[in-house]
1. Return the pair list, or none, for Cβ contacts closer than 8 Å from residues in region 37-48 that are part of a loop (DSSP other than H, G, I, E, B) to residues that are open to solvent by 100 Å² or more (accessible area, probe 1.4 Å) and not β-branched (Val, Ile, Thr), at least 6 apart or on different chains.
2. Can residue 48 be described as modelled with pLDDT of 95 or more and within 14 Å of the ligand (Cβ to nearest atom)?
3. Checking the conditions here, which among 29, 5 is in a strand (DSSP E or B) and in contact (Cβ under 8 Å) with a residue 40 or more places away in the chain?
4. If I go through region 94-132 residue by residue, how many of them are of a type outside the set (Gly, Ala, Ser), within 13 Å of the ligand (Cβ to nearest atom) and not in a strand (DSSP E or B)?
5. Condition first: of a type in the set (Lys, Arg) and either within 19 Å of residue 104 (Cα to Cα) or loosely packed, with under 13 Cβ neighbours inside 10 Å (or both). Now tell me which residues in region 1-51 satisfy that.
6. Could you list all residues from region 94-118 that are over 26 Å from residue 26 (Cβ atoms) and open to solvent by 40 Å² or more (accessible area, probe 1.4 Å)?
7. When only residues in region 66-84 that are open to solvent by 50 Å² or more (accessible area, probe 1.4 Å) and part of a strand (DSSP E or B) count, which is farthest from residue 44 (Cα to Cα)?
8. Being charged (D, E, K, R) and within 15 Å of the chain's Cα centre (by Cα), is that true of even one residue in region 9-17?
Amino acid sequence: MDIKFIQFQSHGDERGSLVSLEDNKNIPFTIRRVYYLFNTQEKTRRGFHAHKKLKQLAVVLKGSCRFMLDDGKEKIELLLDNPEQGLYIESFVWREMYNFSEDCVLMVLADSFYDEKDYVRDYNQFIEMVNE
Ligand code: TYD
């Protein structure tokens, strides 16, 4: 599976760092939704779904967490701990997130509004769909 990390330009100086995210410039889609996860319990594992159409970009703004991405053929585990990097997650990729640090703030940019019908929450159904 091709894992795409997008490296953002950081405008850092002695005052600190600044990253700017722009539609269809450093973000490869039009941003329709932003959500973020915080106060996630360290032992929590969440996600457990894929999307039929949705494309997303995950950025850990603070702390760290791990991602497991699965395209139905291969599973890859990744550590996200750099606010200057975004993990691009295409449709039909099963994802699970875990090992959240106490201070983890995980921001996700999405190319569509929230739509439960776009979710595949059953792993066996996901495997059937990718093999179709
Ligand atoms: P859920 O999909 O279970 O989160 P995760 O896949 O990260 O474990 O979402 C948790 C709740 O939040 C669920 O009731 C749906 C709701 N939700 C929204 O209302 N809007 C959103 O953009 C998202 C991502 C979730």
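1. 40/46; 42/102
2. Answer is yes for this residue.
3. Values: 29 fails: in a strand (DSSP E or B).
Just a single option satisfies the conditions, and that option is 5.
4. 10
5. Of the residues in region 1-51, the ones of a type in the set (Lys, Arg) are 4, 15, 25, 32-33, 43, 45-46.
Residues satisfying the conditions are 4, 15, 25, 43, 45, 46.
6. Of everything in region 94-118, those that are over 26 Å from residue 26 (Cβ atoms) and open to solvent by 40 Å² or more (accessible area, probe 1.4 Å) turn out to be 99, 102, 116, 117.
7. Out of the qualifying residues, it is 75.
8. No, there is no match, as no residue in region 9-17 is charged (D, E, K, R) and within 15 Å of the chain's Cα centre (by Cα).
The values are calculated or read from the model by the stated rules, or taken from the named source; none is laboratory data. What you see is a predicted model; the values in this text were computed from it and never measured. Glycine also receives a Cβ, built like all others from the backbone with ideal geometry; neighbour counts cover every protein chain displayed. With ligands, DNA and RNA removed, areas are computed over all heavy atoms of the protein, side chains included. Shrake-Rupley method; radii C 1.70, N 1.55, O 1.52, S 1.80 Å.
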